[in-house]
Amino acid sequence: ERLGNAANNNSVAVDRVTRLSRQLVALGDFVHDNLQFFLQFGAAAPANGFLPPIDRTAMGAAAENRPVIGRWELGPDEALILEIEPPAGVYWSFSLGNPWWETIHYGRHQSSLNAHQAVVDSDGLVRVVVCERDPGVANWLDTAGYSNGAMILRCVRTETAPTPTVQLVSVDHVAAALPTDTKRLTPAERAAVLDRRRRAVHERFAR
């Protein structure tokens, strides 16, 4: 009986070592694949353009998440207008990152907009303006002083994952490039929006 118990204990120990070894190998593969992912997409995305929607289920990404990844590169007086037909589904959002793919702080800057925050124009399209200076439109994404970085349209459980069309314009010509009924904000209204963002982030993460 003692020999049987010893054999069983040894078998359990071997199984644990085998599982641990497999997990370590899987962890190494995950780190390698993620590094390759960011290196490839950081270089492949065209300046002021987007790649087609991607499927990264092979490296462990959720099949329901279809990101559309792009890269912005703007001077202080330039703006990028992104246009999509908003996808129907559970969740979609635009967000900006810096040159190192770090999310631009969404509590200090309006660097992201989701389906509940973005304003849909009267023609059913969403137009977002990416630039450093506030252009006075509701759908502004703030580059926070960076000259380039990542831009991502995240589509989660949506019927489509549209590739945005892009238009590069001068910040001074943003108003002329948008529909006349585009929702605009005064400086006071913008300050109120940013204050609500700060408070929401604080309430979510303060412990």
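In region 112-140, which residues have a backbone nitrogen under 15 Å from the label point lying 7 Å from F205's Cα in the Cα-to-Cβ direction?
Answer for this model: 112.
Assigning unit charges at the beta carbon (Lys, Arg +1; Asp, Glu -1) and nothing else, what dipole magnitude in debye, to the nearest 20, does region 77-193 show about its Cα centre?
With Lys and Arg at +1 and Asp and Glu at -1, about 340 debye.
Quick one: 3J(HN,Hα) in Hz for region 136-146, Karplus 6.51/-1.76/1.60 with θ = phi - 60°, rounded, Gly and Pro as x.
x, 10, 4, 8, 9, 10, 8, 7, 6, x, 6
Over region 84-168, give the accessible area per residue in Å² for a 1.4 Å probe, as an integer.
In whole numbers, region 84-168 has 45 Å² accessible per residue.
Arranged from highest to lowest average of other beta-carbon atoms within 10 Å per residue, in what order do the peptides 159-172, 138-151, 80-93, 112-125 appear?
Descending mean neighbour count gives 138-151, 80-93, 159-172, 112-125.
Taking all protein chains as present, what is the carbon and sulfur share of the accessible area of region 90-200, in % to the nearest whole number, probe 1.4 Å?
The value for region 90-200 is 52 percent carbon and sulfur by accessible area.
Applying the Karplus parametrisation 6.51 cos²θ - 1.76 cosθ + 1.60 with θ = phi - 60° to the phi angles of region 186-193, what ³J(HN,Hα) value in whole Hz is obtained for each residue in order, glycine and proline being reported as x?
Taking θ as phi minus 60°, the curve returns 7, x, 5, 5, 5, 4, 5, 4 Hz for region 186-193.
The values are calculated or read from the model by the stated rules, or taken from the named source; none is laboratory data. This is a predicted model, so every value here is computed, not measured. In this analysis, Cβ positions are derived from the backbone assuming ideal geometry, glycine residues included, and neighbour counts consider all displayed protein chains. All accessible areas refer to the heavy atoms of the entire protein, side chains included, with ligands and DNA or RNA removed. Shrake-Rupley method; radii C 1.70, N 1.55, O 1.52, S 1.80 Å.
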